[in-house]
Amino acid sequence: MQNVQSTRPGQSGSATAAGRPDPEQTACRPIDQELYKLRMLHALRFKTEQEEKFPGLTVTIDTREGTVTFEGKEFEVTRAVAAMHDLVDHLESISLEMSAELIKLMRGITMMKHMVGVFKKNKIVAVYAAEGDTTLGVYACDRSNLQRAISKIRMGTCDEQCRDSAQAIETEEFTAMKEDLQSKYPGLLTITERGGHISLSGMVDPVADAKVPILQLVARTAAKSDDSTVLDSVQMGGCTVQVVRGDLTTFHAEAIVNAANERLEHGGGLGKAIVDAGTADVIIIHIYP
């Protein structure tokens, strides 16, 4: 874009009669910038800082148009533009690989506001922007802020998969459950089905909350199937316990407990430890033929 400059009435241009630059000459200078750089300027409070430094200066950061516009005295505009370039032209950055579903959420306003809040709470100055269908770019002014931002993103988001859940997918209960869970966490959770598996993507807490009823549904539908290897399925202690005879290779479980006695008791060892620590995960107890 071209710079737009104006002078006061009666002035001839950029210099006084003595040939010196006119300190009262004004300028309006719009400059194109990439979206992540505009977000970084917001994060750094660039507008407030420059307008406090130069009371006659107005800085407008327009993320829709992709521009930063400086209006004020020529020398103030020049200094503010230089300060902007010093900040955003030398950022530290890294690219993170994510699922397409998670990238879609990260692009959304809800997730972006949430992450901005996380960064502010932890005094992290950083921004991110999707760089493609499965790549997220993270930017910061220094390596320390960049590494801390990466840590918060990785710790705060996840992709989980409930394998072998084709039978559950076909139920009306799953359709209703999916709608309810996504409505409960709009913009923070997405549930998809692909290749007979249920996938959950989003913030860690919503994914963990959604995973429990979905795994329970998967277990119930598996128990009701015609597969004769499932002998029984019961809810106990917050767990879904399946009793299975035969081959377990087609079953998905958070824990598999072997070598129970005929009363399905585990008097010690790993089996007892897993049962004692059981939460809302699925436990499959295998009875050998």
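The values are calculated or read from the model by the stated rules, or taken from the named source; none is laboratory data. Just so we're clear, the structure is a prediction, and the values are computed from it rather than from any experiment. Backbone-built Cβ (ideal geometry, glycine too); neighbour counts: all protein chains shown.
Would you mind stating whether T175 is surrounded by fewer than 21 Cβ atoms within 10 Å (Cβ to Cβ) and of a type in the set (V, I, T)?
Yes; evaluated as a whole, the condition is true for this residue.
Looking only at strands (runs of 3 or more DSSP E) that lie completely in region 4-64, which have at least 3 residues being modelled with pLDDT of 90 or more?
Output list reads 26-32, 58-62.
Out of all the residues in region 150-165, which are more than 15 Å from L102 (Cα to Cα) and in contact with a Ser or Thr (Cβ under 9 Å, 6 or more places away or on another chain)?
C162, D164, S165
Please work out if M106 is at pLDDT 95 or above, crowded, with 18+ Cβ neighbours inside 10 Å and assigned by TED's automatic domain parsing to the domain that holds T26.
Considered against the rule, which asks whether it is at pLDDT 95 or above, crowded, with 18+ Cβ neighbours inside 10 Å and assigned by TED's automatic domain parsing to the domain that holds T26, M106 comes out as no.
Per-residue answers, yes or no, for (1) farther than 22 Å from I103 by Cβ; (2) of a type in the set (G, A, S); (3) in a helix (DSSP H, G or I); (4) within 23 Å of the chain's Cα centre (by Cα):
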position: G202; (1), (2), (3), (4): no, yes, no, yes
position: A208; (1), (2), (3), (4): no, yes, yes, yes
position: V212; (1), (2), (3), (4): yes, no, yes, yes
position: R220; (1), (2), (3), (4): yes, no, yes, no
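Every residue, every condition in (1) surrounded by 16 or more Cβ atoms within 10 Å (Cβ to Cβ); (2) outside the structural domain of C141 (by TED's automatic domain parsing), yes or no:
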position: G66; (1), (2): no, yes
position: T78; (1), (2): no, yes
position: V81; (1), (2): yes, yes
position: M84; (1), (2): yes, yes
position: E97; (1), (2): no, no
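Look at V116 and say whether it is surrounded by 15 or more Cβ atoms within 10 Å (Cβ to Cβ), in the same structural domain as E49 (by TED's automatic domain parsing) and assigned to a helix (DSSP H, G or I).
No.
For M155, all conditions in the list (1) closer than 17 Å to R45 by Cα; (2) surrounded by fewer than 19 Cβ atoms within 10 Å (Cβ to Cβ) hold save one; what is the number of the exception?
The failed condition is (1).
Restricting to region 127-170, name every residue that is among the hydrophobic types (A, V, I, L, M, F, W, C) and assigned to a strand (DSSP E or B).
V127, A129, A130, L136, V138, A140, C158, C162, listed by residue number.
On the basis of being closer than 30 Å to E193 by Cα and not basic (K, R), does G117 make the cut?
no
Here are the criteria: (1) crowded, with 18+ Cβ neighbours inside 10 Å; (2) touching a strand residue (DSSP E or B) at 6+ places or on another chain (Cβ under 7 Å); (3) over 23 Å from M115 (Cβ atoms). Tell me which single one R163 does not satisfy.
With (1) crowded, with 18+ Cβ neighbours inside 10 Å; (2) touching a strand residue (DSSP E or B) at 6+ places or on another chain (Cβ under 7 Å); (3) over 23 Å from M115 (Cβ atoms) applied to R163, the lone miss is (1).
Within region 106-132, how many residues are of a type in the set (S, T, N, Q) and closer than 18 Å to L44 by Cα?
Counting residues in region 106-132 that are of a type in the set (S, T, N, Q) and closer than 18 Å to L44 by Cα gives 1.
Between residues in region 150-165 that are under 23 Å from I214 (Cα atoms) and residues that are of a type in the set (K, R), which pairs lie under 8 Å by C-beta distance while being six or more apart or on different chains?
E160/K211; C162/K211
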